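Presented below is the structure to which this report refers.
The values are calculated or read from the model by the stated rules, or taken from the named source; none is laboratory data. No experiment lies behind these values; they were computed from the predicted model shown. Neighbour counts are summed over all protein chains in view; Cβ atoms, including those assigned to glycine, are modelled from backbone coordinates with ideal geometry. Please note that ligands, DNA and RNA were not included when accessible areas were found on the heavy atoms of the full protein model with its side chains. Shrake-Rupley method; radii C 1.70, N 1.55, O 1.52, S 1.80 Å.
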Amino acid sequence: MSTVLVINGPNLGRLGSREPEKYGSTTHDEVVAQAMQWGSDLGLEVVVRQSDDEADLVHWLHECVDQGWHVVINPAAFTHYSYALRDACALVPSAGQQLVEVHLTNPAAREEFRHTSVISGVATGTIAGFGPDSYRLALEAIAARID
Ligand code: DQA
């Protein structure tokens, strides 16, 4: 069974109470439970981790390369400026694994600084704007591509 590590970046641990008018009322724990259920429906082993620390995300991406895991990543604010995270993300497709960038909101429809993603250019693909369903669509895309 293929493994997908779902990586959530800074402030996503506050889902449920964080700006619910933008991010909705689903908590991070609920996103974890949903992602694991979607994964099991698709025949994928899904593990979800969240950190506010850029170094954790970089180290987890290295672990994915070493373990042969696919990645769904919501880099949160790091999306817009972290070249360290971009370089770590680039290692995953280069190793032959899928890396899908996801966002709950549609950053292109928000403030100007959110229109730039330094991650998109190295991702297999990007899914944005569908709330927690963005994670489901990303897992479906990975399941279809590795079938
Ligand atoms: C986000 C969008 C980012 O611009 C923002 O910094 C986040 C969440 C999203 O899921 O919509 O923290 O990645």
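Quick notes on this one:
- Selection over segment 74-85 of residues that are farther than 27 Å from LEU42 by Cβ and assigned to a helix (DSSP H, G or I) gives a count of 4.
- Residues being open to solvent by 20 Å² or more (accessible area, probe 1.4 Å) and within 14 Å of the ligand (Cβ to nearest atom) - total across segment 29-40: 0
- Selected residue [surrounded by 14 or more Cβ atoms within 10 Å (Cβ to Cβ) and over 17 Å from ILE119 (Cβ atoms)] from GLY9, GLY16, GLY43: GLY16
- Filter pass, SER51 being among the hydroxyl-bearing types (Ser, Thr, Tyr), open to solvent by 20 Å² or more (accessible area, probe 1.4 Å) and over 21 Å from ARG145 (Cβ atoms): no
- First in segment 22-48 and in contact (Cβ under 8 Å) with a residue 40 or more places away in the chain and within 17 Å of LEU137 (Cβ to Cβ), second anywhere and open to solvent by 60 Å² or more (accessible area, probe 1.4 Å) and of a type outside the set (Phe, Trp, Tyr), Cβ under 6 Å, 6 or more apart: TRP38/ARG136; VAL46/MET36
- Whichever residue in segment 107-119 is open to solvent by less than 40 Å² (accessible area, probe 1.4 Å) and not aliphatic (A, V, I, L, M) and, among such residues, is farthest from the ligand (Cβ to nearest atom): SER117
- Tally of residues being part of a strand (DSSP E or B) and on the phi > 0 side of the Ramachandran plot across segment 27-73: 0
- Options ALA77, ALA33, ALA108; residue that is in contact with a strand residue (DSSP E or B) (Cβ under 8 Å, 6 or more places away or on another chain) and among the aliphatic types (A, V, I, L, M): ALA108
- Residues of segment 77-106 satisfying the condition of being within 16 Å of the ligand (Cβ to nearest atom) and buried (at least 19 other Cβ atoms within 10 Å of the Cβ): PHE78, THR79, SER82, LEU85, ARG86, CYS89, LEU99, VAL100, GLU101, VAL102, HIS103, LEU104
- Matching residues in segment 1-23 - criterion: being within 11 Å of the ligand (Cβ to nearest atom) and in a loop (DSSP other than H, G, I, E, B): GLY9, PRO10, ASN11, LEU15, ARG18, GLU19
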